[in-house]
Each structure stands twice: as C-alpha cells, then as structure tokens.
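Laboratory data are not the source of any read-out in this text; all were calculated from the coordinates shown. Just so it is clear, the structure is predicted and the values come from calculations on it, not from any experiment. Here the Cβ positions follow ideal geometry from the backbone for every residue, glycine too, while neighbour counts run over all protein chains shown.
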C-alpha cells in the first residue's frame, strides 16, 4: 500500500480541515442572545406581512374534542412593532369573534377581543397574556410571541443540527413557569420544541412544531402542538393557505374591524 502523500494532496487535506473548522467555529460562536433573537425573527417576523387559515383541534384529558377555525393576519410595523388580527369562523359559539394585538416590544402589548354574542369589545389586560387562547392549550402570548428581553438566555447545547437554549424569566413572579428550554433548528433557526418547568422544576407544558414546509422561500410551521402535561390535554393547530408579503394595509388592524371583518380574511 502506498502511503506517500504529495505536497499537493497535503495542501488539499489542510484546506478541507480548515473549511470545516471555520464553519464549526462560526456556528458555535453565536451567543445565546443572538440565537434567541434570530429564532424570534424567523418565528414571528418572516416577510413584511402574512396570512394563514388555522384549524385548531382541542382534545381534553377525558377525550372530548372541540374545534376552532380562524384566519390569522400579521403585519410588521418596524422596530419590532407588529400587529395581529384573528377572525373566527367556527364553531357557532365563536363565529365572527375577532382578536386584535398591537405588539409593543418595549412595553405591554395592546390586545382586544370582540365577542359578537355579547355585543362586547373586551380589552385584554397585560397580565392575561399567559392565559388560555380561546379555551385551547395555546396561550395568548403564543400567538404574538414572548419578548426575548423578558428572559435571561443560556446556551445549554450546540450541534450541527440544533441549539438548546434555557430561558429564565427576569421577573419570576409575573409568570407561572420557573424556566423553559427551547430546541432551535441550527439551519433555519425555527424553534422545534419548547419545554416549560414549574416552580418545583417539574415539566408541565410542551409546545412543538410537528411539520415544517418552505413557503415562498420561508421555512414555515404548518402544524404545531401545545400539551398540558398535568391535565393531559392537547391542542393541534394546522395551517393552510399560508401567504407572505401580500401588502396588508395597517387600517385592517384597528378596532373598527373587530366588528366588521376585512375582505382579506374572507377570501
């Protein structure tokens, strides 16, 4: 066997080793804060705006299943500001209900809920953002996102496939969890799983991305799941008719359209 290595072959091997070494170093040198910020942008700020139809299935611990169908609109306003509008179509008890969010990264979000059966427009208090979203296992905060500035972030693990970040609230009294651990895809920066621990450090809640597709060049979660591990209830959101950069007007995201849905949700 000829073990002789020419100078040209040695140079080639050295270049290959250097390329892989530099690539690995570039990935691991990201700080926890940088990873979380990228994941936040990918999860909630993709494109200038977006639209999706959502089929929500809620399965309780005793096996009873309920459904919700709604359309979700989103528009970025710059400097981290953002607006969300959700219009419900089914079942009958939530038909024509609407939910509006003005996301303020430097302060409390503004949130409204229109309840047509009661002819009532309800302002949602800032402290209610970690309560159930329309009776599901998702929370109001899951819909519009949690500000990265509210938590301290620590990188627990890093590999070619994923980052694992531990997030600890800066104000523990303001939330029901003591910490949560998020798994983030190293290529797309989409969070794939979030595990929430109570103040006794018991795992009690899990949120996961069950299916991801690329829409208009943007990695997009097409099915997500939230599980209450104590009550053994599960909510699954299935997304369809997803579109980005469709030119949504800011006028849609006003209290005026809580009572009257814009045409963009009716198509």
Exercise for the section: For every helix of n ≥ 4 consecutive DSSP H residues, a contribution of -39,500 (n - 2.57) applies; sum these over the chain, divide by its total residues, and give [θ] at 222 nm rounded to the nearest 500 deg cm²/dmol. Expected result: -5000 deg cm²/dmol
Completion exercise
Using the Kirkwood formula on alpha carbons, the hydrodynamic radius of the range 129-267 in angstrom works out to 17.1 Å
Handout entry: Gain on full stretching of the segment that runs from residue 154 to residue 214 - 0.36 nm per residue minus C-alpha separation
Key = 18.7 nm
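Within 10 Å of each residue's Cβ, count the other Cβ atoms and sort 235, 65, 220 from fewest upward.
Sorted ascending by nearby Cβ count, the order is 65, 220, 235.
Assuming 0.36 nm per residue, please report the length gained on full extension of the stretch residue 188 to residue 161 beyond their Cα-Cα distance.
So the extension gain works out to 8.7 nm.
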Exercise for the section: Output the relative contact order of the range 7-266, whole-number percent, from Cα pairs under 8 angstrom with separation of 6+ residues. Expected result: 20 percent
Completion exercise
Log10 I(q)/I(0) at q = 0.09, 0.12, 0.17 Å⁻¹ for the chain, from Debye over equal alpha-carbon scatterers, is -0.47, -0.77, -1.51
Exercise for the section: Could you grab the relative contact order for the range 133-219? Cα pairs under 8 Å, six or more apart, rounded to a whole percent. Expected result: 17 percent
Fill in the blank from the handout: Most exposed first, judged by fewest Cβ atoms within 10 angstrom, 242, 182 run 242, 182
Handout entry: the range 252-267-the range 146-204 distance, computed between alpha-carbon centres (Å)
Key = 34 Å
